[in-house]
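The block underneath contains the structure these notes are about, expressed in structure tokens.
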Amino acid sequence: MRAGPLRRALAASIEVRSIDFIPDTERHGGLTSQFTLWLGANLQITAIVTGALAVVLGGDVLWSLIGLFTGQLLGGAVMALHAAQGPQLGLPQMISSRVQFGVHGAIIPIVAACLMYIGFSASGTVLAGQALGRLLHIDDALGIVIFSGLIVIVALCGYRLIHWLGRVSSLVGIGAFAFLYVRLFVHQDIGALLGQRHYSTGSFLLAMSLAASWQIAYGPYVADYSRYLPRTTPTASVFAAVWLGSVLGSQVAMSFGVFAAALGGRQFEHREVAYIVGLGGTGAVAAALYLSIAFSKVMVTSLNAYGSFMSMTTIVSAFRRRLRLTALHRFSYVASMVGISMLLALTGRHSFLKSFEAFILLLLAVFTPWSAINLVDYYCFTRSRYDIGALADPGGRYGRWNLTAIAIYATGILIQVPFMATTLYTGPLVQRLGGADISWILGLLVTATIYFLARRVTPRT
């Protein structure tokens, strides 16, 4: 008798919708939840490590802070423009790529999105496993496994639970970072750090790229978390709520990473979590900080797992011609993507920092041209006039492959290659620019221009 109500309660807690259209009768939520979701998503340990890379890779404190903030503003604007599509379309982000690339052609950027989700989930799981390991006095590997199990549960429940976690995570993050900054300014000579200046254009642009890539990498799934908002929600208001939450949260976290890396030097590398918590204190204070780190990573890694589930569903549905999904399929997709991330975290946890830096900079080259094409098409041509039925029909108005868009996307990637500067690859023109990486700027501007001109010359109905 008791099993029936419990089973029904568990079933009701799992989101029914996946990549299908959200009807007006099911729309809910407000702008506050958008702000807290992205504030909480960025007040976390991986953002600290990303900011620290600006110093680890040769920048000084002052110009790293300025470079990071400039990158936040620019990349955050790109990301928030994607978010503003959610209420108008009622669809997750990547399925809308079928309008630009075709039902089958959209698989190309979606596969890249899946790789991004797996990479970010793996890197976040490494740091969360370290935090759980020290909090529970267990091996980091076991902490990684426990953390991955929590992610499966949250991603399976879906939209409402993730937004609730965003509200709680924002409060936890504000408290943790307020405490850390007070400790930092009371016990460390911040003025001396700011006075040690050795400006270089390459290091400044690297800091910009780190922050911009961080923001742009949210683009492929940011509309997933605004698609339930009422259709009447003003586009400018959605943009402002998401942009402000993401920029504030990431700049606060990355700035702390800059200071931590400048203070710690080589002590920071390979023991990022322990060093940052050590700046806050020991004993009960350290335990509370480890708990806040683990909690924030549950929240943001759930975004990645949920996004990977959406992307995998979009890929499969291109051949099944159906957008609805059973609960069993939902669980299998979520569990498989989280499982892959967990295995990567377990095998790569000892060389995290350098691998992560190369990974996020390479992501920038893949997603800037996709963002340019998606945003130009939506805001300059189609707006919210999407044929929902045709999104699931390869024989419909969007076709199987839009070769023009795919060619422009490939061009946008290739044009960045000579200007890229990462630990895995450095382009032939980087040295002439003093080591500066301007690839992402070219990827955005050139791709947007080419796509705009191509759409003007060959307009579609």
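Throughout, read-outs are computed from the coordinates displayed, never taken from laboratory work. Since this is a predicted model, take the numbers as computed values, not measurements. Using ideal geometry, Cβ is built from the backbone for each residue, glycine included, and neighbour counts are taken over all protein chains shown.
Points worth noting:
- At R0 = 56 Å, FRET efficiency that the Cβ-Cβ distance of C380 and R197 yields, to 0.05: 0.85
- In this label model, R456 and V182 are separated by 5.6 nm, measuring between points 7 Å along each Cα→Cβ vector.
- Order of D60, D224, D387 - criterion: other Cβ atoms within 10 Å of each residue's Cβ, fewest first: D387, D60, D224
- Cα-Cα P(r), the chain, percent of pairs per 20 Å interval: 26, 58, 16, 0
- Each of H329, H82, H137, H163 was scored by other Cβ atoms within 10 Å of its Cβ. Arranged with the fewest first, they read H137, H329, H163, H82.
- Given +1 at the Cβ of Lys and Arg, -1 at the Cβ of Asp and Glu and no other charges, the dipole of region 23-457 around its Cα centre is 960 debye to the nearest 20.
- Relative packing of peptides 300-306, 108-114 - highest average C-beta neighbours within 10 Å first: 300-306, 108-114
- Amide proton proximity set for T422, modelled H, under 5 Å, gap of 5+: G427
- Of the residues S332, V285, V61, the one whose Cα sits farthest toward the positive end of the charge dipole of the chain, with +1 on the Cβ of Lys and Arg and -1 on the Cβ of Asp and Glu, is S332.
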